[in-house]
Every structure is written in C-alpha cells, then in structure tokens.
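Below: one structure, written as structure tokens.
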Amino acid sequence: MEDQNRWMVSALRLLQMVRMAMLASVILYVVVGELVAHPPGSPPDRMPFYALTFIAVAMVASITVLRKLIITPAFAALQTRESDTEMLRRWRTGYIVSFAIADGIAAYGLALRLFGFTLSQVVPFYLATVILLLMLSPRRPSNELA
C-alpha cells in the first residue's frame, strides 16, 4: 500500500508541475506576442479570428468529453482500487492531455496576435486557458469514502 501511495503522490506532483508550466506558458505567450507583434497597417482579415474562435470552443468541448470518457472513470476506479496502475496511467494521461488542449487555446491567441490582432482581441484566449487550467486542478482519488 505504501508503494501505491508513493505512485499517487508522484503522479499528483507531476500533474501540478505540468499545470504550473502551462500557466507559465500563457505568460510567455503574452510577452512574446507583445514583443514580436507589429502594429498592422490595415485591419487583419477577420476569418482567422472566427475560425480559431470556433476551434477554441470545440477544444473546450473536447476537454469536457475527455473528462467524462477518461478522467472520471479512472478517478472512480482509483477510489476503489488505488493499486490499479492502468487506471492511474489513464487518469494522469487524461489530465496531461486536458492541460495541453487548454494551452493550445492560448497558443491560438498568440497566433492571432502575430496575425495583427490587438491584445484586447486575443485576451479572451489567454483568459480561457488560465480559467481552464485553474478549474482542471487534479484531485487525489481517495477510498476513505468508499
């Protein structure tokens, strides 16, 4: 049991480090966008903005589906069988993929900034990522309530 506890603590620590790195990347995206972006001579074409906004919304939906299909079942299994390494791996992978999808939304904000959109136009992409990453905080499965 001690060995399983160590694996769970290690997985939680890894997930928190990945999540913090993704949050830090949003700050880097903002800084790079502001340093590299040039003021446009004419307003940029709105089509990339609409397309990436649609894709970002779809990404939020995909995180929801991922949580229902992978993270929640693995979490439930780990509450009753903490020693199930396959479920631990699925749980951890589900979170990492969710973090990466959320971070992709901020990357779209950076891309739009580089296309010539203003900071105020791309801030929602950055904020969406920060909010998602804060909401996706992993919890330790516990069999104390089972």
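The values are calculated or read from the model by the stated rules, or taken from the named source; none is laboratory data. Note that the structure is a prediction, hence the values are computed from the model and not measured. Virtual Cβ from ideal backbone geometry, glycine too; neighbours counted across all protein chains shown.
With the structure loaded, tell me whether Ser25 is touching a residue at least 60 places away in the same chain (Cβ under 8 Å), surrounded by 10 or more Cβ atoms within 10 Å (Cβ to Cβ) and out of contact with any Pro (no Cβ under 9 Å at 6 or more places or on another chain) or whether it fails that test. Yes, satisfied. When the range 82-123 is filtered for residues that are touching a residue at least 24 places away in the same chain (Cβ under 8 Å), outside any helix (DSSP H, G or I) and in contact with a helix residue (DSSP H, G or I) (Cβ under 7 Å, 6 or more places away or on another chain), the ones remaining, listed by number, are Glu82, Ser83, Phe117.
Could you list, in sequence order, the residues of the range 109-120 that are buried (at least 16 other Cβ atoms within 10 Å of the Cβ) and of a type outside the set (A, V, I, L, M, F, W, C)? Selection gives Gly109, Arg113, Gly116. Can you confirm whether Pro44 is more than 20 Å from the chain's Cα centre (by Cα) and part of a helix (DSSP H, G or I)? Answer is no for this residue. Taking residues in the range 50-66 that are in contact (Cβ under 8 Å) with a residue 60 or more places away in the chain and farther than 9 Å from Ile105 by Cα, and partners anywhere that are among the β-branched types (Val, Ile, Thr) and part of a helix (DSSP H, G or I), the pairs with Cβ atoms closer than 6 Å and at least 6 places apart or on different chains are Ile63/Ile101. Scanning the range 124-146 for residues that are surrounded by fewer than 15 Cβ atoms within 10 Å (Cβ to Cβ) and either assigned to a helix (DSSP H, G or I) or of a type in the set (Val, Ile, Thr) (or both) yields Pro124, Leu127, Ile131, Leu134, Met135.
Looking at the range 71-80, can you tell me whether even one residue there is assigned to a helix (DSSP H, G or I) and modelled with pLDDT of 95 or more? There is no residue in the range 71-80 that is assigned to a helix (DSSP H, G or I) and modelled with pLDDT of 95 or more.
Summed over the range 58-79, the residues that are over 11 Å from Ser98 (Cβ atoms) and loosely packed, with under 13 Cβ neighbours inside 10 Å give a count of 4.
Of the set (1) small (Gly, Ala, Ser); (2) free of Cβ contacts under 8 Å to residues at least 12 places away in the same chain; (3) within 22 Å of Phe125 (Cα to Cα), all apply to Gly41 but (3).
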